1. Among the residues of region B:124-137, are any closer than 27 Å to A:Ala122 by Cβ, polar (S, T, N, Q) and in contact (Cβ under 8 Å) with a residue 60 or more places away in the chain?
2. Could you say which residue among A:Gly75, A:Gly44, A:Gly63 is among the small types (Gly, Ala, Ser), out of contact with any Phe, Trp or Tyr (no Cβ under 7 Å at 6 or more places or on another chain), buried (at least 18 other Cβ atoms within 10 Å of the Cβ) and facing chain B (nearest Cβ under 9 Å)?
3. Need pairs with beta-carbon distance below 6 Å; first residue within 11 Å of chain A (Cβ to nearest Cβ) and within region B:1-14, second in a helix (DSSP H, G or I); sequence gap 6+ or separate chains.
4. Go through B:Gly65, B:Gly70 for me and flag whichever is of a type outside the set (A, V, I, L, M, F, W, C), in contact (Cβ under 8 Å) with a residue 60 or more places away in the chain, away from chain A (no Cβ under 12 Å) and buried (at least 22 other Cβ atoms within 10 Å of the Cβ).
5. Check region A:40-48 and report whether any residue there is farther than 20 Å from B:Tyr37 by Cα, modelled with pLDDT of 95 or more and within 14 Å of the chain's Cα centre (by Cα).
6. Could you go through region A:20-39 and let me know if any residue there is facing chain B (nearest Cβ under 10 Å), open to solvent by less than 20 Å² (accessible area, probe 1.4 Å) and in a strand (DSSP E or B).
7. Can we say A:Ala87 is modelled with pLDDT of 95 or more and either over 14 Å from the mean Cα position of the chain (by Cα) or surrounded by fewer than 16 Cβ atoms within 10 Å (Cβ to Cβ) (or both)?
8. Return the only residue of B:Arg183, B:Arg141 being assigned to a loop (DSSP other than H, G, I, E, B) and either surrounded by fewer than 17 Cβ atoms within 10 Å (Cβ to Cβ) or at pLDDT 95 or above (or both).
Amino acid sequence: MHIKFYLNGKVVEADVPAGMNLLEYLRSVSVFSVKRGCDHGECGSCTVLMDDKTRNACLILMGTLDGERIETLEGLNADRRMELMQAAFLDEGAIQCGYCTPAMLLALESLLRANSKPDDAAIKAAFSGIYCRCTGYVKPMVAAKKVVMGEVDG
Amino acid sequence: MKIYQPYGLGDCLDLLSELPQAETVILAGGTDLMPRYEQGKVLPEHLINIKHLADLQGITETENGAEIGGLTTIETLRRSGLIHRDYPALWQSTEQFAGVQIRNRATLAGNIANASPAGDTLSPLYLYHAKLKLMSRHATRTIRLEDFIAGPGETTQERGELIHSIILPRVTGSSCFYKLGLREAMAISVVNYALRYSQSAGELTDLEITAGAVAPTIVFLDALTTAVLSGETNSTVWRALIGQDIAPIDDIRASADYRRKVLGRLITHHLQNLGVVCHE
C-alpha cells in the first residue's frame with residue numbers, strides 16, 4: 001500500500017506491504033541505528049521517536065504510519081544536544097557492545113524535550129524500556145546526569 | 001491484509017458491522033497484537049486501525065466518578081492527576097506497566113480486550129467495579145468488566161462492538177496495587193493484587209481484594225475478606241481462604257505452588273501492616 005510520512009524531517013512516500021513493520025522498513029532503507037533485538041516490543045533496541053515520544057518500531061505497522069513524524073538517530077547526529085549526549089556516553093564509558101546505545105540516546109532526547117531538568121527517577125524510568133546487558137545502567141545514568149547538569153565537555 | 005483507518009466513530013462502527021467478524025481485527029496500540037501478528041498467530045484479512053477516533057480519547061471526571069476513553073494510553077493515565085488522586089491502585093499499575101515505549105502506545109481498552117489473566121490494569125479495574133461502554137452501529141450497552149472478560153484472551157464482546165470507554169464509579173476508602181514481577185520494568189506479573197479498605201477507630205470497616213495471574217481471570221478474594229471483616233485472625237486460615245478463590249497454573253514465570261504461597265504471604269503481610277490483628 002502507498003503511504004506518506006515524515007522520516008527525520010523529510011517526506012517519505014513508499015509502496016510497502018501493509019503488514020510490514022517500521023523496523024523492517026527502516027533497516028531496508030539503511031537506517032541502521034535502529035536495531036533488531038527481540039522483535040516483539042520487549043528489548044527496546046528498535047526505539048524511534050514518534051511525535052517526540054519513544055516507541056518500539058517493531059510494534060508499528062507501516063500501514064498505520066500515514067502522516068506520522070518519525071525520528072531516528074540519523075536525523076539528530078548534527079544536533080548540538082545529541083553531540084553532547086554522545087560525548088558524555090563516550091567519556092563515561094556508557095557504551096560497551098553499543099547495541100542499545102541509539103535507543104538510550106533517543107530515550108534521553110525524548111525525556112529532555114519534555115523536561116530539561118529530569119531527576120534520577122525520571123532518567124531511570126526513561127531507560128526502563130531498554131534492555132542493556134553490558135553496563136548495568138550505571139554508566140548511562142552517570143552520562144545522562146552529566147548532560148542534565150551541563151557538565152559535558154563537547 | 002487490508003488496513004482501514006476510520007476518522008469518525010460512525011464510520012468505524014459501520015466497518016465493524018459490515019466486515020466479516022472472523023477475519024476482522026481491531027488495532028489500537030498494537031503492543032499485544034503486533035507480536036502475535038509477527039508470530040503468525042493473528043493474520044486478519046481486515047485490520048481496523050482505530051487510533052484516529054478522537055471520541056475514544058481522554059479522561060473525564062463525571063458526577064459519579066470518571067470515564068476513560070478506550071484509546072487512552074497507559075502513559076496518559078500515569079500522568080493524570082485525577083487517576084493519581086481518585087484511583088491510586090490503577091495509577092500504581094500504570095507506573096509498573098512495561099516500559100515507556102509500550103506505555104506510550106498501549107491503551108486501556110486494549111489491555112482489557114486482550115483479557116490476559118496477568119493484565120496489570122485489570123486487578124485495579126475489577127477492584128473499582130469498572131464498567132465498559134460498548135458501542136455497535138445498532139446499540140450501546142454498559143456491562144460490568146467481570147462480565148466482559150470470560151477467560152484468558154476471551155471476552156463476551158459481540159459482533160460489531162467496540163469498547164468506547166471505561167466507567168469508574170466514585171470510590172470510598174484507600175486503595176493500592178502490588179505487583180510481583182521478576183524485574184522492575186518490562187516484567188509480566190508473577191502475581192498481582194489490588195486492595196481497597198476503610199478504617200474507623202483503627203478497625204477495618206470495609207475490605208476488598210482482587211488478585212491477578214492466579215486464575216483464568218482476575219478474582220475477588222471474597223472468602224478471605226469476609227472472614228477478616230468478621231474477626232478471623234489466624235493467618236493459616238487466611239491463606240487457606242485465599243486458596244479457595246484462586247486457581248494458579250505453572251508457567252514460564254512461576255509455579256502454581258509458588259504463586260499460591262507468595263500471594264498468601266504478601267497479603268498476610270499487607271493486612272498486618274494495616275494493623276489487622278494476626279496470629280500465626
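1. no
2. Only one candidate qualifies: A:Gly63.
3. Within 6 Å, the pairs are B:Ile3/A:Gly63; B:Tyr4/B:Leu15.
4. Going through B:Gly65, B:Gly70 in turn, just one is of a type outside the set (A, V, I, L, M, F, W, C), in contact (Cβ under 8 Å) with a residue 60 or more places away in the chain, away from chain A (no Cβ under 12 Å) and buried (at least 22 other Cβ atoms within 10 Å of the Cβ): B:Gly70.
5. yes
6. Scanning region A:20-39, I find at least one residue that is facing chain B (nearest Cβ under 10 Å), open to solvent by less than 20 Å² (accessible area, probe 1.4 Å) and in a strand (DSSP E or B), so the answer is yes.
7. Taking the combined requirement at face value, the residue satisfies it.
8. B:Arg183
The values are calculated or read from the model by the stated rules, or taken from the named source; none is laboratory data. Only a predicted model underlies this, so the values are computations on that prediction, with no experimental measurement involved. As a convention, Cβ positions derive from the backbone with ideal geometry for all residues, glycine included, and neighbour counts pool all protein chains shown. Note: accessible area is taken over every heavy atom of the protein model, side chains too, but ligands, DNA and RNA are not part of it. Shrake-Rupley method; radii C 1.70, N 1.55, O 1.52, S 1.80 Å.
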